[in-house]
1. Looking at region 63-84, which of its residues are over 29 Å from residue 148 (Cα atoms) and either touching a helix residue (DSSP H, G or I) at 6+ places or on another chain (Cβ under 8 Å) or basic (Lys, Arg) (or both)?
2. Please give the number of the condition residue 197 fails out of (1) open to solvent by 60 Å² or more (accessible area, probe 1.4 Å); (2) in contact with a strand residue (DSSP E or B) (Cβ under 9 Å, 6 or more places away or on another chain).
3. Suppose the filter is over 21 Å from the mean Cα position of the chain (by Cα), open to solvent by 30 Å² or more (accessible area, probe 1.4 Å) and not polar (S, T, N, Q); does residue 250 pass it?
4. Working only within region 117-167, note down all residues that are surrounded by 13 or more Cβ atoms within 10 Å (Cβ to Cβ), of a type in the set (Asp, Glu) and part of a helix (DSSP H, G or I).
5. Return the pairs, sorted by first residue and then second, in which the second residue is buried (at least 24 other Cβ atoms within 10 Å of the Cβ) and not β-branched (Val, Ile, Thr), the first residue lies in region 128-146 and is over 18 Å from residue 189 (Cβ atoms), the beta carbons are less than 6 Å apart, and the residues are 6+ apart or on different chains.
Amino acid sequence: MTSSAVLQPALSLVLEALKEIRDSQEKTFRVSRATLNRLLESRPIHNVPDIAAKAASLGQVRDRVCVCMKCPHLARSRTQTVFGVGNPDAELMFIGEAPGADEDARGEPFVGRAGQLLTRIIETMGLSRDEVYIANILKCRPDMPKGAPGNRPPTPQEMQTCIGYLIEQIEIIQPRVVVALGATAVEGLLGARGVMRELRGKWHSYHDTQLMITYHPSYLLRNQSPSEKRKVWEDMMAVLEELDHPISERQRNYFL
């Protein structure tokens with residue numbers, strides 16, 4: 001993380017404090033250094049050092065992931081590892097199963113068609129990709145037979161081998177809510193495969209973090225039923241409520 005990104009919350013606080021002084025005085029706006037110092041002391045800047053520390057810790061895990069050889073067959077076939085992207089201090093974290101071809105090429109999770117739909121969902125929630133954190137259980141694309149199109153889901157053994165990295169990411173970020181995208185992600189996180197229509201829309205717990213299960217965006221690309229799309233959006237409204245985010249009337253009536 002750059003120093004400017006770390007200092008941005010501090011700059012915003014200073015500007016807000018100056019605006020309050022300006023709006024509260026009829027005389028020409030002036031502020032002394034002593035007054036500004038008192039304001040900053042009475043309204044401490046929270047989380048700036050924490051965000052920097054979290055980013056540094058994630059960077060250390062990323063460095064280990066980049067050279068990981070725990071699954072030799074995946075290490076041989078990958079273009080690069082796909083660690084995760086977003087805010088290291090995010091309240092909300094989305095977790096998928098594994099990178100596909102697009103993600104393997106770019107080194108970033110959820111950048112293909114399913115990723116574009118996930119971005120739309122996040123933005124309709126009133127957030128951005130930069131505000132949340134997005135990762136996969138597997139950090140390498142599952143290998144495919146040479147010349148075979150498409151992607152395959154990771155095996156239980158592959159997920160068990162790689163899950164430690166994701167656990168470290170969750171422990172560092174400490175999100176308030178984790179969203180598991182699809183049955184394979186649920187299997188990787190909870191160790192059991194269930195029927196999605198029975199699992200989704202209900203709160204679970206993962207390492208003392210609230211876990212919401214919903215359909216993977218790729219499912220919605222295959223199934224264009226408005227009722228299925230609405231289910232995912234209802235799950236996201238439940239997430240917003242859990243995070244104490246306001247929900248507008250337009251959002252409540254929204255269909256993906």
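1. 64
2. (2)
3. Numbers: over 21 Å from the mean Cα position of the chain (by Cα): yes; open to solvent by 30 Å² or more (accessible area, probe 1.4 Å): yes; not polar (S, T, N, Q): yes.
Yes; evaluated as a whole, the condition is true for this residue.
4. Correct list: 158 only.
5. 141/99
The values are calculated or read from the model by the stated rules, or taken from the named source; none is laboratory data. Because the structure is predicted, anything quoted here is derived from the model rather than measured. Cβ sites come from the backbone with ideal geometry, for glycine too, and all protein chains shown count toward neighbours. What goes into the accessible areas is simple: the full protein's heavy atoms, side chains included, and nothing from ligands, DNA or RNA. Shrake-Rupley method; radii C 1.70, N 1.55, O 1.52, S 1.80 Å.
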